[in-house]
1. Looking at (1) open to solvent by 10 Å² or more (accessible area, probe 1.4 Å); (2) away from chain B (no Cβ under 14 Å), which is the only condition residue A:144 fails?
2. Residues being within 15 Å of residue A:168 (Cβ to Cβ) and outside the structural domain of residue A:223 (by TED's automatic domain parsing): count how many of those fall in segment A:257-304.
3. Scan segment B:134-150 and give yes if some residue there is away from every other protein chain (no Cβ under 11 Å), farther than 20 Å from residue B:268 by Cα and not in a loop (DSSP other than H, G, I, E, B), otherwise no.
4. What's the total number of residues in segment C:159-183 that are more than 19 Å from residue C:252 (Cα to Cα) and out of contact with any helix residue (DSSP H, G or I) (no Cβ under 8 Å at 6 or more places or on another chain)?
5. Out of all the residues in segment C:385-403, which are assigned to a helix (DSSP H, G or I) and farther than 17 Å from residue C:368 by Cβ?
6. Test residue A:173 against the stated conditions and say whether it is more than 10 Å from chain B (Cβ to nearest Cβ) and touching a residue at least 60 places away in the same chain (Cβ under 8 Å).
7. Just the residues that are within 16 Å of residue A:49 (Cα to Cα) and either surrounded by 24 or more Cβ atoms within 10 Å (Cβ to Cβ) or touching a His at 6+ places or on another chain (Cβ under 7 Å) (or both), please, taken from segment A:74-90.
8. Hey, does segment C:215-229 have a residue that's within 23 Å of the chain's Cα centre (by Cα), outside any helix (DSSP H, G or I) and either free of Cβ contacts under 8 Å to residues at least 60 places away in the same chain or under 26 Å from residue C:336 (Cα atoms) (or both)?
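The values are calculated or read from the model by the stated rules, or taken from the named source; none is laboratory data. Here the structure is a predicted model, which is why all the values come from computation and not from measurement. Using ideal geometry, Cβ is built from the backbone for each residue, glycine included, and neighbour counts are taken over all protein chains shown. Ligands, DNA and RNA are stripped out before the accessible areas are found, and what is left, the full protein with its side chains, is counted by its heavy atoms. Shrake-Rupley method; radii C 1.70, N 1.55, O 1.52, S 1.80 Å.
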Amino acid sequence: MEINGIAIDDTFAEAFPMKATRLVVTAHNETWAMHAAVAATGFATSVIACGCEAGIERHLDAAETPDGRPGVALLMFSMSGKELAKQVERRVGQCVLTCPTTAVYAGLADGEPIALGRNLRFFGDGWQISKMIGGVRYWRVPVMDGEFVAQETTPVVKAVGGGNLLILARDTDAALAAAEAAVATMRAVPGVILPFPGGVVRSGSKVGSRYKALPASTNEAFCPALTGLAAKTSLTPEVRCVMEIVIDGLTEADVTTATRAGMQAILERGAAAGVVRLSAGNYGGKLGPFHFHLRRIIAPEAAS
Amino acid sequence: MSAPAAVFELRLRALPRFRVDLAGVTPLALGALGEAEAGRVAIRHGNEALALGELFEIRRRPANAPALHFEGDLSRFDRLAWEMEDGEIRVDGPVGHYAAARLRGGLVAVAGDAGGFAACEMAGGELAVAGSVGDFAAAALPGSMDGMRGGTLVVRGDAGARFADRMRRGTAFVFGNAGDFFASRLVAGTIALGGRCGAHPGWAMRRGTLVFAGETPAVPATFVETGHDLRVIWTLLARDLARAGGPFTALPDRRVRRFAGDIAVDGKGEWLLPE
Amino acid sequence: MSTLRLRGGRLYDPAHGIDGEVCDLGVRDGRIVALHENEPVDREHDVSGMIVMAGGIDLHSHIGGGKVNLARLLLPEDHRPAPRTDNPLELASCGACTPGTLATGYRYAEMGYTAAFEPAMALSNARHAHMEMGDTPILDHGAYVMLGNDELLLEMLAEGGDPALVRDYVGWAINAARAMGVKVVNPGGISAFKFNQRKLDVDEPHVQHRVTPRQVVHALARALTELAVPHPLHIHASNLGVAGNIASTLATIDALEGLRGHLTHVQFHSYGTEGPHKFSSAALALVEAVNAHPNVSIDVGQIIFGQTVTASGDTMTQIRNAALGSPRKWVGADIECDAGCGLVPFRYRDQSYVNALQWVIGLEIFLLANDPWRVVLTTDHPNGGPFTSYPHLIRLLMDKSFRDEQLARLHPEVAAHAALREIRRELTLYEIAIMTRAAPARLLGLADRGHLGVGAAADIAVYREDADREYMFRTPEYVFKDGELVARQGRIVATPVGGTHFVEPGFDGAIEQRIARYAEHHHALDFRNAAIGRDELCTCANGGQLLVTPCAVHGTNGT
């Protein structure tokens, strides 16, 4: 399949079940809400070493938040609810509780609750106050600028992690420009985050390594430096730079929507912009239950 | 499959001579019964047992949810909805003492006044009284350690003395005025007052929140002002309380002062005084 | 004149050595008489196959006075769930562990008890105690006045304790309070508590008066002996409830120096310090001491699992227990520094190691003691459990397999190691009749109660034989009070007014000057109002009979 001169591989992105939650962080103004949100979602690119994958989902107007202040919606993904709870407690404790004027609320309505303010309240050293409002428990912890308000729990839902799109381009400029265009449209999709820096990752990996200690290593099949060397390559000689966009979403549909948005953004720019092919990473389909077939996503009726 | 639900309409035949104990007459208890069977349910009238049908004309009709609709002056009927778990009870007039006491779930709506101890030790559900309530509403039964511990109480009229004495959880509204010792010994929970209150509000309160939407009471020496920025929690709370309407509608738009106490008992409760 | 014959019953009358003999019982005008077999009677009940005993006598049950009333105030929730009776004879009254006066009378009578004695009447509150007991229907009643923590007595002892002075003071107090005897509660300890002592062992001096509990016990026991009061000193010993208090209990027996004494609710005073929890049964040590001291009698104070309220004059102990209360509330009170008062609601749990062991200790005492004439069945109502659990307790004592069943449900460490497992003894109906009727009557000096001999008051309980002794003792077929049928198959059929038992020992009236002087300086009440006159007692007692037990010139223990 080829659209606007760009080839679309007959392949699929293979994704995994994860546990996710959405937090709403508000503050006195947008700037401070962003400071908290950026810090809380920092160093959260991959569960391999960060404990969770997290990102900013979107900005919230004052009219959209529980306390009438500007805010930010964050999504956090982990491989288990337990690990997610640990990450939420650490990140909110260190990056939100500490950040001037912030408050934090659950951003999902239903799901298995994990602690949000429940344990952070102990920072109050006995001065904390519990308040039930409309059936929801909040904790009020006295701090130097007033009160830190945190909802007691946040619901955790089943989610999808590891959706991806590979952009195979003629050179670095073309690859980056295409990736940036895709990221800009994908970030507008609700329910997803692109956890890597700028939404893009250049170190696509495969499972395993020749070194025992490493669970993953570079995916040589997509490394232009190894096109002529590696036993198996997925690249043709005109591909000199590959970028990947990793997508975590609350639902399979969210990941599909984001993938489609990203593909469309690249395809609209046409082959003249330097993109040769679109592809996706998988493990043969045996490891992850979620398969995002690129051709079906971009043209559901055409693909068979 | 459970038996289809029913609405019972109970029209009072005549004012009974003595007080009547309605404990046990709940939508769920009557729901499984036919009209005639419901009429034979024994209730206590003074020191004797009496059939429900002797006091009420009873009509039953199928419905989606179990409910009882009482018509008439029930001011001599105590313990309406006592320990009720679920369902709905509506009364088109006044009721006696202990209305919705120890309520656990469901809705009780009273069009007239309710007597003493309304919603006392209530743990869930809602009691809405269009008129006024007597003393000790939302409080504890004598000797108990805790008063109301969940659910919602809405009083559109006035409340007597000792409103919410020892209350522990839940939300209570008084649209009108409250008597002496309003929210005394409050353990926790939220109470919003639309009018004014009598002497010693919040006496010996330990935790919990009193919102004085009406007349600002004199603040006793055992409550101290906390000057901090509490706009976040106030917005959360005021928006929720505003849904009750009436004197509470404009709460989110009002700035608020906060006092903490009762420090005479090492209390950490709060008074919120909108300006 | 009215006559009654109970025909063909099996009589258990230990006072006359009658152990299950089948014979008729005649009653004329409220007294047991010998009726000729063919003599016509007004009423005759065929009780063949049934068991006939004298009415039960509870010599230690908190049924009247300020403390009991405070308990009712403290636990209104105890009165909420009570089922309402459909018996028009019963006036509204309810409560399980703190029953109202009326319910107390009804519940006692319907299980065959016809007398109960309030053990802790404060001297300054004696009127109230008599009024409450007077309000208790059917039952005869009496009370022991609390001495031994009153400042005046401690002052006298501090001055050297002239026995004549103490004797006259005790004699005056008994007369003034219209008491049946004297109880000492935590001798000197309640007073010491007011001087900030939090424990007082038998030989430890009171910080103010420098008097020891040993001196208090001995002085009171001696005074009662000299006054020839039939009921021996009623002793709530030192260190109630404390692990290791068996030492205090034995020291208290020692303090009597052979004088008569009645150790009450000994279960609470028979604790050792062995085992992993440093809390163990000292029932054997207690029983050996009781067996070896014929001057000592006991009642047990068995605990029964469930909710109750502990009501005690022992403020020192109750302050300590307040933290263990359930629900967590309590009351303490004092009048005129007479004694003390503490009420702590308590729930005995079979899964609690301590409670389970207490249960075991009580039963071990019952079953190891070899002279039932000196052992009285009590739960120290309501401290160990309400008196309504007596039928259950009787079954535990009479039915080894039932007892083992209950034992198996206890805290596993107790269930596995209790010496009680090895005790095979099952009390007989004869022994139960001793512990619940004959012995208490004898210990109180009641010549015409607690037995079925000619001349005795016709307080009679008739039980239908049933293998389930609990059911049998809960629901007697007939209960007669002074010959009047008051309960039939567990239902009250008449509610006569009970009488008041008291004693009137002689004393030298000169003592009144000193008491008056003390009262003038220290009391709020006027001394002239201290003593309750006979007419006033009659009013207090609701017009019931005044039953004076004579004080013999030479008091003996009667065994």
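1. Of everything listed in (1) open to solvent by 10 Å² or more (accessible area, probe 1.4 Å); (2) away from chain B (no Cβ under 14 Å), residue A:144 misses just condition (2).
2. Count: 0.
3. no
4. Result for segment C:159-183: 4.
5. Result: C:387, C:388, C:389, C:390, C:391, C:392, C:394, C:395, C:401, C:402.
6. In short, yes.
7. Listed by number, the residues that qualify are A:76, A:77, A:78, A:84, A:88.
8. yes
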